[in-house]
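Just so you know, all these numbers are worked out from the coordinates, no wet-lab data involved. These numbers were taken from a predicted model, which means no experiment stands behind them. For neighbour counting, all protein chains shown are included, and Cβ atoms are generated from backbone atoms with ideal geometry for every residue, glycine included.
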Amino acid sequence: MPRVKLNLYAGLRAYLGGKPSVELEIEPGQTIGGLLDRLGVPHEQTRILFVNGRAASLSDKLTGGEQIGVFPAIGGG
């Protein structure tokens, strides 16, 4: 079964037990949003997504071998 490496940043790491990344098996065609659903990561807490260093969206489909980066919204002012 294909695998991907998921990197969560800042407060989102709590969904991985504090780890920065995890390798997960996927079904080909699974979306990034579906992968985050499996981990219980609320979509509204994600703001910036990358797949293999390129901007992505929750609806992007995965095939296996990708590296996914997910960043939360960062406040400031």
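Based on the alpha-carbon gyration tensor of region 36-77, what equivalent-ellipsoid semi-axes (square roots of 5 times the eigenvalues) come out, in whole Å, largest first? Before the final figure, lay out each step's value.
Details: eigenvalues 78, 36, 12 Å².
The three semi-axes for region 36-77 are 20, 13, 8 Å.
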Spherically averaged projected area in nm², based on the convex hull that wraps the Cα atoms of region 3-62: 3.8
Hypothetical label at Ala73: residues of region 9-32 whose amide nitrogen lies under 20 Å (7 Å Cα-Cβ projection): 9-15
Contour minus end-to-end for Arg3 and Asp60, with contour as 0.36 nm per residue of separation and end-to-end as the Cα-Cα distance? 19.0 nm
